[in-house]
Amino acid sequence: MLLFPDCILVLKNNVFGAVRYEDLRIGTRDQRMIVDSAPADAKTVGETWKYVNKNGSPDRRFKDNRLLPICLFEEIAIISVDGFKALMQVSKRGTAEPLRLALQAMQPMSQELSDAPLLFLKIE
């Protein structure tokens with residue numbers, strides 16, 4: 001995804017597409033993630049075994065069974081009316097909401113730019 005003033009340019013399967021900001025719905029939420037190693041900026045909220053029995057105890061059949069950190073990440077979901085879907089996960093707390101607000105602030109500008117006349121420059 002490349003963010004431009006009037007749209008998001010998306011590359012998928014060697015095909016480019018453009019998604020206008022005004023066509024987006026953006027949401028954020030907290031998400032717990034089990035990771036091999038906790039990022040330095042992530043908040044660790046618990047731990048679990050790599051291989052767990054149904055009762056939550058470690059599965060002793062695996063000699064390499066170790067505790068894994070459970071971190072609290074933030075998710076940013078971006079969905080367009082045309083079917084574009086993106087989910088970004090960030091480990092640094094407090095990052096998702098400013099990004100959501102910035103993308104929403106781009107929506108009126110996207111409309112203004114689409115209504116503006118096209119300018120062509122001659123390159124010599």
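The values are calculated or read from the model by the stated rules, or taken from the named source; none is laboratory data. Because the structure is a prediction, the values reported are computed rather than measured. Backbone-built Cβ (ideal geometry, glycine too); neighbour counts: all protein chains shown. The area values use the complete protein model at the heavy-atom level, side chains included, leaving out ligands, DNA and RNA. Shrake-Rupley method; radii C 1.70, N 1.55, O 1.52, S 1.80 Å.
Please give the calculated 222 nm ellipticity per residue for the chain, where each DSSP H segment of at least 4 residues contributes -39500 (n - 2.57) and the sum is spread over every residue; nearest 500 deg cm²/dmol? List each step's numbers first, then the result.
Values: 1 runs with 20 residues, N = 124.
Computed mean residue ellipticity for the chain: -5500 deg cm²/dmol.
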Where K54, K92 fall by accessible area, highest first, once all protein chains stay in place (1.4 Å): K54, K92
Förster radius 22 Å - calculated FRET efficiency between R93 and L67 (Cβ-Cβ, nearest 0.05): 0.50
Accessible area in the full protein assembly, largest first, 1.4 Å probe, for T28, T48: T28, T48
Per-selection Kirkwood Rh - the stretch 10-78 (Cα, Å, 1 d.p.): 15.3 Å
Distance between the stretch 5-24 and the stretch 71-110 - C-alpha centres, whole angstrom: 14 Å
Pairs of alpha carbons in the chain whose separation is greater than 21 Å (percent): 58 percent
Separation of the N53 and D30 label points, Cα + 7 Å toward Cβ, nm: 3.1 nm
Given the chain, longest segment not containing exposed loop chymotrypsin sites (Phe, Trp or Tyr not before Pro) (DSSP; at most 11 other Cβ within 10 Å): 1-61
